[in-house]
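Worksheet: the structure to be examined is printed underneath.
The values are calculated or read from the model by the stated rules, or taken from the named source; none is laboratory data. Computed from a prediction, not measured in an experiment: that's the story for all the values here. Neighbour counts are summed over all protein chains in view; Cβ atoms, including those assigned to glycine, are modelled from backbone coordinates with ideal geometry.
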Amino acid sequence: MTSRIKKAIKILINYEKKKATLSPNDLLQHNRVQPWFAVNGDDTLRLNYDLNSDSVVFDVGGYKGEFAAGILCKYDSNIYVFEPIKVFFEIIKNKFVQNKKVNAFNFGLAGKDADLQISLSDNSSSVYLKGEKTETIKLKSIVEFLNTYNIKNVDLIKINIEGGEYELLESLISNNLINVFKNIQVQFHDFLIENAKERMNEIQQNLSKTHKLTYQYEFVWENWERI
């Protein structure tokens, strides 16, 4: 048996062991992301857009600024990053401190203004989870933000806010502002929200009136482009 075959068998055994330790929800999500990883979606689909140095991009759920950095390096676009958790906001602020094209805000975007307790769990932090470590965060209405800053067109909005995507998109749709966004890149979450599948389907039906689906990996990432 060659060393290459031995290595492949070892990888397969470790993979099966890892799967065996996952909860049913974790196993489901683990299986969902495999097609996404197969096309290297984080470095291809999520970054391949018709953008330039004049484009406006919203990064909603900025985390540590990796997505913003990828868009900035590739297109030099004007980026608004929204991150309500203080430690992550500070990372973003320091990362782009010398770049005036990136505007960082220490609040999240939502359907309405609110001060909420968020359960801290690295990139899975969510107001819909309960945990020992929490932090009070600020959320601001996306409708009010667009009006305050007089923003009429956003070339790309990326939304990864651990359950908050439903209320945010529903607010944009109900206020007839969904058409402000040329591309909507969103990660829906189904384990945090009651009736998530039904709410997602309704949002998608409404989106189809103004946008077309360009790629979809259900409950992983999908993108809607304005018609």
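Against the list (1) surrounded by fewer than 15 Cβ atoms within 10 Å (Cβ to Cβ); (2) under 20 Å from Ile193 (Cβ atoms); (3) out of contact with any Leu (no Cβ under 7 Å at 6 or more places or on another chain), the condition Ser121 fails is (3).
Within the option set Leu45, Leu51, Leu72, being in a helix (DSSP H, G or I), at pLDDT 95 or above, buried (at least 17 other Cβ atoms within 10 Å of the Cβ) and of a type in the set (A, V, I, L, M) holds for one residue only, Leu72. Restricted to the range 38-92, and to residues there that are aromatic (Phe, Trp, Tyr) and over 28 Å from Thr134 (Cβ atoms), the residue that is nearest to the chain's Cα centre (by Cα) is Tyr49.
For the range 83-95, the criterion of being at pLDDT 95 or above and closer than 19 Å to Leu169 by Cα is met by at least one residue.
Conditions tested, residue by residue: (1) more than 24 Å from Ser55 (Cβ to Cβ); (2) out of contact with any strand residue (DSSP E or B) (no Cβ under 7 Å at 6 or more places or on another chain); (3) modelled with pLDDT of 95 or more; (4) part of a helix (DSSP H, G or I).
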{"position": "Leu129", "(1), (2), (3), (4)": "yes, no, no, no"}
{"position": "Lys138", "(1), (2), (3), (4)": "yes, no, yes, no"}
{"position": "Leu168", "(1), (2), (3), (4)": "no, no, yes, yes"}
{"position": "Asn206", "(1), (2), (3), (4)": "yes, yes, yes, yes"}
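Might you let me know whether the range 125-140 holds any residue that is buried (at least 20 other Cβ atoms within 10 Å of the Cβ) and either within 14 Å of the chain's Cα centre (by Cα) or closer than 19 Å to Arg46 by Cβ (or both)?
In the first step, residues of the range 125-140 are kept if they are buried (at least 20 other Cβ atoms within 10 Å of the Cβ); the result is 125, 127, 137, 139.
If we keep only those that are either within 14 Å of the chain's Cα centre (by Cα) or closer than 19 Å to Arg46 by Cβ (or both) too, we end up with 125.
There is at least one residue in the range 125-140 that is buried (at least 20 other Cβ atoms within 10 Å of the Cβ) and either within 14 Å of the chain's Cα centre (by Cα) or closer than 19 Å to Arg46 by Cβ (or both).
I need the full set of residues from the range 156-166 which are part of a helix (DSSP H, G or I) and not charged (D, E, K, R), in order please. I'd like the intermediate steps shown before the answer.
Here is the first cut: in the range 156-166, the residues part of a helix (DSSP H, G or I) are 165-166.
Once the filter is applied, which keeps residues that are part of a helix (DSSP H, G or I) and not charged (D, E, K, R), the range 156-166 yields only Tyr166.
Count of the range 22-41 residues, restricted to those that are part of a helix (DSSP H, G or I), of a type in the set (A, V, I, L, M, F, W, C) and surrounded by fewer than 13 Cβ atoms within 10 Å (Cβ to Cβ), is 2.
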